[in-house]
Amino acid sequence: MSVPVLPKTLKTILITGAGGFVGDRLTTYLLDHYPDVKLIVCDIKAPAERPRVTSIGADLTDPKQAEALFTHGRIDGVFALHGIMSGGSEANFDFGYKVNIDSHRHLLEATRQHGAKYPNDPKILYVLTSSLAVYGGPLALPESHVNPDATPVTPESSYGIAKAIMEMFVFDYTRKGFIDGRSVRLPTVSVRAGAPSSAASSFISGLIREPLQGQESVCPITNDPKDPIIDSMRIWVGSPKAVVRNIVYTITVPAEKYPKHHRSINIPGITITTREILNALEKYGGPEAMKLVKYTFEPQTYAICRTWAGSYDNTLAFSLGYENPDEKNGFDGAVADFKEELLAAKKA
Ligand SMILES: NC(=O)c1ccc[n+]([C@@H]2O[C@H](COP(=O)([O-])OP(=O)(O)OC[C@H]3O[C@@H](n4cnc5c(N)ncnc54)[C@H](O)[C@@H]3O)[C@@H](O)[C@H]2O)c1
């Protein structure tokens, strides 16, 4: 996997949601690969202090706290990652909108005002992490292959609606020349370390993460381990390493390479099934780990799973230079990485 070359003008980068799973890894990637870049990282609770990092605790639903992020000198790039995931947004409609729409508008506006103070500098590069939850309807089922040129954006969850709305804002702020924005629709990032998220997709990582640590995990798509859905339901995922690399790559793509009429890119992933997840669990955890999987059908989770397409056309992403190391390594590669991390954490 190649390391993206950052524009020379990108000296200070702001990451919101930096205390979250992807945000923390993005912070580490940027620190590891770009020794001259300074970071400002923010989350509700200030992320851990690190060298070259200004760490801030801020609730971005408050516009004043969003503005305050821009009082530490010129910021050249923003990765807007903070948010409430799909299950959480569905369970709490008002809160989901407040964070996934209102706070992102505050951040965009604060970025615009900051950029206006530096009219002679390049436009602030702005990357929103969106989601494939922007798709829904009959063309986005586990059986579907989504071609973005032929599939309308018709989200079927509050999370997906909020992401679609914010993609439009990012495009319009870009069109108006306020920022140089890009939205990337991530595949489900798996294997996710740490605590389970409020995403409906949480079980995809949970089937590996918990049993490899001696804990039970629920397979929510069926009550029956012999149900054919375990082999047939297609799921689109990306490994943390590949997704983080491609999020960083997004900020390096020259503006003129994007289509004129939108700035939303489906970044690469791979198709797997629950069977492949279970096979990887058996390979890396053995029969003991397999016994920790409980099959308990959860209708609400299953209903959300039915709104995810099983594969996506990445022609545009590849034409822009995105890479897909997961094609070679498969889901096994992500599980091997996760197991290595567990062993390293035990030794530390
Ligand atoms: N992880 C995935 O599989 C996946 C898939 C598609 C899209 N995404 C998107 O990628 C981004 C990162 O995902 P993640 O898995 O790291 O999520 P996460 O839940 O681990 O992290 C999100 C962070 O946002 C912070 N946050 C929430 N409300 C906030 C507020 N009001 N002010 C400041 N910070 C706030 C949370 O405290 C949390 O640390 C999100 O935008 C998510 O929608 C993730």
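Nothing in this text is a laboratory measurement; each read-out follows from the coordinates by a stated rule. Just so it is clear, the model here is predicted, and its values are computed rather than measured. Every residue, glycine among them, receives a Cβ derived from its backbone with ideal geometry; neighbour counts consider all protein chains shown.
Here are a few things to note about the model shown:
- Neighbour counting of Cβ atoms within 10 Å sorts the residues TRP308, TRP236, fewest neighbours leading, into TRP236, TRP308.
- The trypsin sites (Lys or Arg not before Pro) of the stretch 170-242 that meet both conditions, a loop assignment by DSSP and at most 14 other Cβ atoms within 10 Å of the site Cβ, are LYS176, LYS226.
- Compactness index (Cα Rg / 2.2 N^0.38 Å), the chain: 0.97
- Alpha-carbon Rg with Dmax, taken over the stretch 75-221, Å: 17.4, 56
- Beta bridges by DSSP in the chain, antiparallel share as percent, to the nearest 5: 10
- Expected 222 nm ellipticity per residue - DSSP helices of 4 or more, -39500 (n - 2.57), all of the chain, to 500: -12000 deg cm²/dmol
- The Cα center of the stretch 316-346 and the Cα center of the stretch 169-237 differ in position by 14 Å.
- Among the helices of the chain, those built from whole DSSP H runs whose Cα atoms reach 20 Å or more along their own axis and whose mean Kyte-Doolittle hydropathy is at least 0.0 are 158-175.
- Applied to the stretch 292-298, the Karplus parametrisation 6.51 cos²θ - 1.76 cosθ + 1.60 on θ = phi - 60° returns per-residue 3J(HN,Hα) values of 7, 8, 10, 9, 10, 5, 10 Hz, with x for Gly and Pro.
- Residues whose placed amide H lies under 5 Å from that of ILE15, excluding near-sequence neighbours: ILE40, VAL41, CYS42, PHE79
- Each Lys or Arg adds one and each Asp or Glu subtracts one; over the other residues with Cβ under 9 Å from the Cβ of THR61, this totals -2.
- Residue-wise HN-Hα couplings along the stretch 119-127, as the Karplus relation 6.51 cos²θ - 1.76 cosθ + 1.60 with θ = phi - 60° gives them from phi, are x, 8, 8, x, 4, 5, 7, 9, 10 Hz; Gly and Pro carry x.
- Cα-Cα over 24 Å, subset of LYS98/LYS241; LYS283/LYS347; LYS11/LYS260; LYS176/LYS257; LYS45/LYS98; LYS38/LYS123: LYS98/LYS241; LYS11/LYS260
- Note on LYS226: lysines with a C-alpha under 17 Å away, same-chain residues under 8 apart excluded, are LYS291, LYS294.
- Computed from the Cβ-Cβ distance with R0 of 22 Å, the FRET efficiency linking ASN120 to VAL3 stands at 0.15.
- Given R0 = 25 Å, the distance between the Cβ atoms of ALA48 and GLN215 translates into a calculated FRET efficiency of 0.50.
- The modelled label-to-label distance for the pair GLN113/PHE93, using points 7 Å beyond Cα in the direction of Cβ, is 3.1 nm.
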